[in-house]
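Chemist: The structure is given below, and queries will be raised subsequently.
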Amino acid sequence: LVNKQGIIIETSDSFALICGLKSDDVIGKSLFDTISEQTSPESVENIKNAFLKEESLECEVLHQYVDYKSTWTDIIITPIVLEGQEIVFSIKRHDISDKKHIEELCDTDVLTNLYNRRFFNSLFPKELKRIIREKLSFAFMMIDVDNFKKYNDTYGHQKGDDALCTVASVLKSVTQRGTDFACRVGGEEFAIITSDGTKEKIEAFANSINTRLYEKAVEHKTNEVSPYLSTSIGVVFYENGDVSDLSLIHISEPTRQEAIS
């Protein structure tokens with residue numbers, strides 16, 4: 001049980017055990033202190049609103065109990081009236097960690113460990129709605145490995161897979177923020193979604209991809225663009241949540257010498 005401020009006023013021994021504490025140590029703590037920062041801000045805000053409006057709610061949260069353990073749970077919040085007409089909230093949790101793990105596997109490309117096309121198709125419209133609502137800038141990049149068929153024909157498909165993993169490692173290295181998403185959307189096609197950056201920063205961001213890839217110096221002697229593995233990148237940029245105001249960003253092609261200087 002928690003009160004309207006989210007303070008735990010009664011708990012089961014099993015929940016206290018998961019927290020790594022005794023029941024008496026859990027009572028008086030805030031429910032929100034047990035919720036991981038990886039839980040979506042929308043879910044946390046929905047919980048607060050349920051307490052404020054004295055409404056029922058069901059949502060998924062990642063609970064962070066002790067330093068080494070976190071658990072995805074489906075929580076059901078139900079307002080109840082105690083004696084004296086005080087409103088408190090009953091919270092029931094169901095462990096859905098296995099379900100979330102399966103979802104993660106379904107959203108991940110097996111070869112590169114980037115997000116896959118399924119995840120991208122789900123993410124893109126959600127991110128567009130978010131940047132319009134929050135009036136943020138938004139960039140979408142399409143990234144294609146240059147002359148990849150010739151690479152496969154020259155070096156073989158195993159080396160081709162290795163090359164795709166090299167590109168993926170570069171994309172991972174530049175998408176470290178929570179608002180950056182790198183996906184493999186086709187054979188040698190990748191996409192990046194990123195938000196909340198200036199046009200100049202997005203241009204530098206995109207240019208850094210080929211610079212970092214050139215630093216890998218992966219030979220591609222049949223590449224018409226470069227003697228090394230390279231990509232072509234197209235970028236569209238929306239500013240201040242205005243998706244009607246689209247800008248195209250030119251991405252330069254660095255030479256190998258420029259990349260290592």
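The values are calculated or read from the model by the stated rules, or taken from the named source; none is laboratory data. As the structure is a prediction and not an experimental result, all values here were calculated from the model. Every residue, glycine as well, gets a Cβ built from its backbone with ideal geometry; the counts of neighbours run over all protein chains shown. Surface accessibility is based on the protein's heavy atoms, side chains included, excluding ligands, DNA and RNA. Shrake-Rupley method; radii C 1.70, N 1.55, O 1.52, S 1.80 Å.
Chemist: Counting Lys and Arg as +1 and Asp and Glu as -1, each charge on the Cβ, what is the dipole of the chain about the Cα centre in debye, to the nearest 20? Don't jump to the answer; show the numbers that get you there.
Modeler: Details: 29 positive and 43 negative charges, 80 e Å.
So the magnitude is around 380 debye.
Chemist: Also, I was wondering about something else. If I take R0 = 22 Å and measure r between the Cβ atoms of residue 7 and residue 90 in this structure, what FRET efficiency does the formula 1/(1 + (r/R0)^6) give, to the nearest 0.05? Each step should come with its number before you reach the end.
Modeler: Numbers: r = 14 Å, r/R0 = 0.65.
After rounding, the FRET efficiency stands at 0.95.
Chemist: Taking the solvent-accessible surface of protein heavy atoms with a 1.4 Å probe, what is the per residue accessible area of the stretch 1-117 in Å²? Could the numbers behind the result be given before it?
Modeler: Values: 7330 Å² over 117 residues.
Normalised by residue count, the accessible surface of the stretch 1-117 is 63 Å².
Chemist: Report the gain in length on full extension from residue 52 to residue 212: 0.36 nm times residue separation, minus Cα-Cα distance, nm rounded to one decimal.
Modeler: Values: separation 160, 0.36 × 160 = 57.60 nm, distance 4.92 nm.
That works out to 52.7 nm of additional length.
Chemist: Out of the total accessible area of the chain (probe 1.4 Å, heavy atoms of protein only), what percent is carbon and sulfur? Please list the in-between numbers first.
Modeler: On the way: 7300 of 14660 Å².
C and S fraction of accessible area: 50 percent.
Chemist: If exposed GluC sites (Glu not before Pro) are those in a DSSP loop with at most 16 other Cβ within 10 Å, what is the longest stretch of the chain that has none? Don't jump to the answer; show the numbers that get you there.
Modeler: Details: sites that count: 10, 37, 54, 55, 83, 86, 224.
Here the longest run is 87-223.
Chemist: Then there is this: Could you size up the charge dipole of the stretch 16-55 around its Cα centre, putting +1 on the beta carbon of Lys and Arg and -1 on that of Asp and Glu, and report it in debye to the nearest 20? Before the final figure, lay out the partial values.
Modeler: Values: 4 positive and 8 negative charges, 20 e Å.
The dipole of the stretch 16-55 has a size of about 100 debye.
Chemist: Continuing with the same structure: Using a Gaussian network model of the chain with C-alpha springs under 10 Å, which one of 34, 222, 194 is most mobile by mean-square fluctuation?
Modeler: Looking only at 34, 222, 194, the largest GNM fluctuation is found for 34.
Chemist: Once Rh is set to the Kirkwood radius over Cα pairs, what Stokes-Einstein translational diffusion coefficient, in µm²/s, holds for the chain at a temperature of 10 °C and a viscosity of 1.306 mPa s? Intermediate results must be reported in sequence, preceding the final value.
Modeler: On the way: Rh = 21.5 Å.
Here the translational diffusion coefficient equals 74 µm²/s.
Chemist: Cα-Cα pairs above 21 Å in the stretch 94-167: how many percent?
Modeler: Details: 1382 of 2701 pairs.
So the portion of pairs separated by more than 21 Å is 51 percent.
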